[in-house]
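Heads up, the thing below is written out as structure tokens.
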Amino acid sequence: MWNRTRTMATAVAVAIIAAACTSTASTPTTTRGSILPPTTTGRTVNAVLASNALVPFDACEPFLDHIIPHALEQVGPYGLDGYGTPWMWRGGFAIDDVAATTAAPALEGDRGGGAGSAPTYSGTNLQEVGVDEPDLVKTDGERIVALAEGRLVVVDVTGDAPKMAGSLRLDEIYATDMFLSGDRVLLMASAWSTVYPVFEGDVAYNPGYNSPTLQLIEVSIADGDPEIVRTMSIDGQYISARMVDETVRLVMTSGPVGFAWQFPEGSGLKAERAAIDANKELIRNSTAENWIPYVLVMDADGDVVDEGTLFDCDRANHPKEYSGLNMLSVATIDLESGLDVVDATGVLATGDTVYASTTSLYVATQQWRFWGPAQAGESDELPDGVTTDIHQFDISDPTRATYVASGQIDGYLLNQFAMSEFGGRLRTASTTSPSWWGGGGFETESLVTVLEPRNGELVEVGRVDGLGETERIFSVRFVEDVAYVVTFRQTDPLYTVDLSDPTNPEVVGELKILGYSAYLHPLGDGLILGVGQDATKQGRVQGSQVSVFDVSDPAEPVRVAKLTLDEGSSSSVEWDHRAFLYWAETGLAVMPVQQWNWDDGKDDVWVGALAVTIDDGDIHSDQRIIHPGGQSDDGNWDWRAQILRSVVVDDAIYTISAKGVQKSNLDSLNEEAWLEF
């Protein structure tokens, strides 16, 4: 049997034993329900279900009747392949070499400025106004809260110089996401439960595996010094989260848990068949807590105060077309009252891309068809294409997320910016074939699709395709009824797509330039800023590039300004929009930059931030902000000096790295103070 060591914020060990609901006589009855209060259970089922709509369960019996037969078809001699199935170690490993690991998933809107002396400050760079996104740095204009080198640090910025108010070491987890609400901080991280193999000599006959665990930590910063109030551990993996007012919607995915799989006792078909039979019996006897995420809630002392499944069976759904054994969960947390899950629901499907408006949450996942044989070179048949499934949830009620509709589009989504809700419809931008399929034989184009919810289905009501043939999308931004889509292979076409008639989207403009923009940011007055890379005519990237586009006439987009850094430079804004800051009052745009130059045998490095001022569509000035140790001509630089985020508070800009926080004058950008963490 396995010794299972779970890595938690409070190092609490747990066995997944309790049950969630009533079952059939042939299945063990369950004794423990979900962590939700009784008033949140139950549902009203829509009698009309469209072809892509989810099918709800009304009790545990139909839930298990649905999932168990599918699991029986997939189980093998080592458990469920692809769902936490263990792997073999062979060679001179010792137990100490197989250590538990931790992992975590990889600022529009100005705030403040009210009456009296309230500070004016910038917030996280958001896709949608009013929908906060988690980040590693947050501010309320008086404090900057940051995650740095395994600590949560709170910095007082009310004086002439930033001052450390307190810090909290986060042992055994690696958190990179958080929300700030009043004096509460909600941290989100992913850890891993490690199951160790059993060795005989240098051979691990019994396999071992890792199982992801989502960690939620409520921290109070009321007295400056951070203090843990409550911790929640959930079997599964964190995807993303959004917050509207004080309500957080947490999206996660989980696989089957709690199975003590039987493995072949020796080699040969007979041993494997015996293991399969034993594992099938485990699945036949499974209960809801094997398939629905299990939750532990702990107080500040690490004592368990509540436990159970995240939700009951009657809050689970499944697509009409079988989509696997993973559970995609959406949990609603009332942050005003602390780490309190007031509602949760789940779908037997996967998900990896999250977008939200103030009233709807969308979770998308790509589906690949005929992919395996072509990838392995075992078949000349090319993949039939990629489709993306999208599930919509109504989040207008702050106490509940309600499933609305599901749909499917052709192609894959680059990121969250490839989705946008406008006028009650969802617009998407997708590419038919991902870059990782390689170039041989794959025809690629991009398209913009408009979906509308109707009777449980997201129905396609409009589409335009043929964008960037042989290329793929590198960035996209929807601004009201216009989509701006950048595709790239050798040159950068910027397409403008008119969506004023959602049933008849139309490409009205195209601009071809060298390089590409990986992030697009609307500046207002018909201007858009792009951050990406310059490139040669052959598509070879040349260094970070900042471009300003005039799109006031969608039929004639034009680049009116450009700034290119030296070859070897890049910005994290290209893959993380939260690293970008735009302060409209002064036209200041700030982005982290890393630049390496190996010309003439020199190891010339600088890491920091590039600050540019944009006025009337022109880039008037550019300056570097560099933390101590962030520049070197001999390779002796400090990686901790990489600037991660920038925020504005009143007349100062604060840049934050893992090393510390620097205060600079907002107008001159001259350094005024430095605080090392």
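If the condition is being on the phi > 0 side of the Ramachandran plot and surrounded by 22 or more Cβ atoms within 10 Å (Cβ to Cβ), then the range 474-520 contributes only Gly515. Against the list (1) assigned to a strand (DSSP E or B); (2) within 21 Å of Gly532 (Cα to Cα); (3) within 30 Å of the chain's Cα centre (by Cα), the condition Arg578 fails is (1). Checking each residue in the range 635-664 for being within 22 Å of Asn125 (Cβ to Cβ) and surrounded by fewer than 17 Cβ atoms within 10 Å (Cβ to Cβ) picks out Asp650, Asp651.
If I filter the range 354-379 down to residues being of a type in the set (S, T, N, Q) and modelled with pLDDT under 95, which single residue comes out as farthest from Ala405 (Cα to Cα)? Looking at the filtered set, the residue picked out is Ser379.
Residues in the range 213-247 that are surrounded by fewer than 21 Cβ atoms within 10 Å (Cβ to Cβ) and part of a loop (DSSP other than H, G, I, E, B): Ala222, Asp223, Gly224, Asp225, Asp245, Glu246.
Conditions (1) buried (at least 22 other Cβ atoms within 10 Å of the Cβ); (2) under 27 Å from the mean Cα position of the chain (by Cα); (3) in a strand (DSSP E or B), marked per residue:
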| site | (1), (2), (3) |
| --- | --- |
| Pro522 | no, yes, yes |
| Asp534 | yes, no, yes |
| Ser544 | yes, yes, yes |
| Asp553 | no, no, no |
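What residue, among those in the range 149-169 that are of a type outside the set (Ser, Thr, Tyr), over 21 Å from the mean Cα position of the chain (by Cα) and in a loop (DSSP other than H, G, I, E, B), is surrounded by the most Cβ atoms within 10 Å (Cβ to Cβ)? Among them, the one singled out is Val157. Among the residues of the range 625-672, those that are over 20 Å from Asp160 (Cβ atoms) and either among the aromatic types (Phe, Trp, Tyr) or assigned to a strand (DSSP E or B) (or both) comprise Gln631, Ser632, Asp634, Trp637, Trp639, Ile643, Leu644, Arg645, Ser657.
The values are calculated or read from the model by the stated rules, or taken from the named source; none is laboratory data. Just so it is clear, the model here is predicted, and its values are computed rather than measured. With ideal geometry, Cβ positions are generated from the backbone for all residues, glycine too; neighbour counts draw on all protein chains shown.
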